[in-house]
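Participant: For reference, the structure I am asking about is given below.
The values are calculated or read from the model by the stated rules, or taken from the named source; none is laboratory data. Model, not experiment: these values are computed from the prediction. Cβ sites come from the backbone with ideal geometry, for glycine too, and all protein chains shown count toward neighbours. Surface accessibility is based on the protein's heavy atoms, side chains included, excluding ligands, DNA and RNA. Shrake-Rupley method; radii C 1.70, N 1.55, O 1.52, S 1.80 Å.
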Amino acid sequence: MLTLENKYIDIAEAFQIQCAREINNQEIENIKSELNKVEAYYAQIETQIRQTSTEKIATEKTSYLINYMNAVA
């Protein structure tokens, strides 16, 4: 817990936050909502990266096969 508290202190110092304030329930819900949106976007990016990697491998295999067929022919 001390590490987490120190992290908050570091963040407060980095952003030059002079005083803390209480966050109400609606603000917490708004923060959660924004975080969910960011996480969903991140998941989409990860999916696209995986798909692109798979497509790259398939393209390389196809290219290899075409080159092999050209060499044999």
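Participant: Name, by its number, the condition in (1) outside any helix (DSSP H, G or I); (2) surrounded by 10 or more Cβ atoms within 10 Å (Cβ to Cβ); (3) more than 27 Å from the chain's Cα centre (by Cα) that does not hold for Thr62.
Facilitator: Unmet for Thr62, out of (1) outside any helix (DSSP H, G or I); (2) surrounded by 10 or more Cβ atoms within 10 Å (Cβ to Cβ); (3) more than 27 Å from the chain's Cα centre (by Cα): (1).
Participant: Here's another thing I want to ask about it. Is there a residue in the stretch 50-57 that is open to solvent by 80 Å² or more (accessible area, probe 1.4 Å) and at positive phi?
Facilitator: No: the stretch 50-57 contains no residue that is open to solvent by 80 Å² or more (accessible area, probe 1.4 Å) and at positive phi.
Participant: Among the candidates Glu27, Glu46, Glu22, which residue alone is modelled with pLDDT under 95 and open to solvent by 100 Å² or more (accessible area, probe 1.4 Å)?
Facilitator: Answer to the check: Glu22.
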